[in-house]
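Participant: Before we start, here is the structure in question, set down as structure tokens.
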Amino acid sequence: MSAVSPSTAPAWSRWWNASGVTRLRREGAVAPVLAFVVFFVVYVIINPALLTRFQLQTAANLVVPLVLVALAQLVIVLVGGIDISIGAIMSLANVVFAVQLETMPVPVAILLSIGVGLGCGLFNGFLVAYGGLPAIAVTLASAFIFGSLAREVLDAPGGGVTKEIYLATSGELLPYLPVSLVWLAVIAVLLWLLLQRTSLGRHIYGVGSNMESVRAAGLNAKLTKLLAFGLAGVLTSLGAMMLASSTVTGDPRSGDPYLLSSIAAVALAGAVFTGGRGSIIGTILAACTLGLIGNLLFFARVNSYWQYVISALIIVAVVGIPVVWRKVAFRVKGNRS
């Protein structure tokens, strides 16, 4: 019997596929989506003030930099790497942006910060792609370099971030609509179009899933890796500027907490660290979930040391439950056959 064509498939099946649920499941993003819904509901029940204008804006400004850095880490993971220097890149781009605002026009400061992120990413990418060095070793070493440069540019919190820049990046566009979420939506859509609708995006997924097939097809795998690292650097610099704008200051240590958080968000999003699989929407919601967990534990007055333990256990549960579920379902199916 031939397979059922989309036109003759049941209506529920066509809705299921058209709604993108199948794609989310294939990319491992169902778990972070469900986790976000559950923790959002729990958070609102415990702290209804989250839905007020001030709380929404504060929460959005806190989570948007993490989301952008997590998306940068996702791009690296898609090509089968990992970026240990991502926090240091964020710190360097952050202080360059803040310091340049003291003497340069805003567009110039933005371009310089993006250029710093791009340069750092290309530095890592060149050593990994063309030098054949392990990404974890390269980025661990470059983390010390970028971190030292950040402290050389600005040795203490400061810079020239103004209230106007804060309002343009972290204020309110409309009541209950933080402008930081608008910027995040624009960047996320552009990244999705790049990864899903361009040859570069397909090559990034291809390099991570099957390097040999990419080479056999005559595609330039090394150039793809180099560009992936450069793209991640640009995304990191955008997160750095959003952080500097929301805190109205530059800080040479501002990126330090974002390294482990970005890796945790990508893991929570169901991405495969050997490359080739990862979801943008899953990563966004995973980063938001991490932010909700942190705030939830803070409002619950849980000791800060136990907050890390509880957060880690929640991440392991969200990542591990689908794996256990698949194994149980496979065994049940095997026993029936």
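Participant: Quick check on the stretch 223-240. Is at least one of its residues in contact (Cβ under 8 Å) with a residue 60 or more places away in the chain and assigned to a loop (DSSP other than H, G, I, E, B)?
Facilitator: No: the stretch 223-240 contains no residue that is in contact (Cβ under 8 Å) with a residue 60 or more places away in the chain and assigned to a loop (DSSP other than H, G, I, E, B).
Participant: Checking the conditions here, which among A221, A232 is over 14 Å from the mean Cα position of the chain (by Cα) and hydrophobic (A, V, I, L, M, F, W, C)?
Facilitator: None of the others qualify; the one that does is A221.
Participant: Exactly one of (1) within 22 Å of G255 (Cβ to Cβ); (2) at pLDDT below 75 is unmet by G28. Its number?
Facilitator: Here G28 clears every test but (1).
Participant: Sticking with this structure for a sec: G81 versus (1) of a type outside the set (S, T, N, Q); (2) modelled with pLDDT of 85 or more; (3) surrounded by fewer than 24 Cβ atoms within 10 Å (Cβ to Cβ); (4) assigned to a loop (DSSP other than H, G, I, E, B): which is the lone unmet condition?
Facilitator: Status for G81: all satisfied but (3).
Participant: Can you tell me which residue is nearest to L238 (Cα to Cα) among those in the stretch 89-141 that are aromatic (F, W, Y), part of a helix (DSSP H, G or I) and open to solvent by 50 Å² or more (accessible area, probe 1.4 Å)?
Facilitator: This residue is F123.
Participant: If you don't mind, there's one more thing I want to ask. Are there any pairs, at least 6 apart or on different chains, whose C-beta atoms fall under 6 Å, with the first in the stretch 321-333 and surrounded by fewer than 11 Cβ atoms within 10 Å (Cβ to Cβ) and the second at pLDDT 75 or above and not charged (D, E, K, R), and if so, which?
Facilitator: Close Cβ pairs satisfying both conditions: none exist.
Participant: Looking only at the stretch 225-262, which residues are polar (S, T, N, Q) and open to solvent by 10 Å² or more (accessible area, probe 1.4 Å)?
Facilitator: S246, T247, T249, S254, S261
Participant: Do we have E172 as among the acidic types (D, E), open to solvent by 40 Å² or more (accessible area, probe 1.4 Å) and touching a residue at least 24 places away in the same chain (Cβ under 8 Å) here?
Facilitator: yes
The values are calculated or read from the model by the stated rules, or taken from the named source; none is laboratory data. Bear in mind the structure is a predicted one, so any value in this text is a computation, not a measurement. Cβ atoms come from the backbone with ideal geometry, glycine included; neighbour counts cover every protein chain shown. Accessible surface is based on the protein model in full, side chains and every heavy atom, while ligands, DNA and RNA are left aside. Shrake-Rupley method; radii C 1.70, N 1.55, O 1.52, S 1.80 Å.
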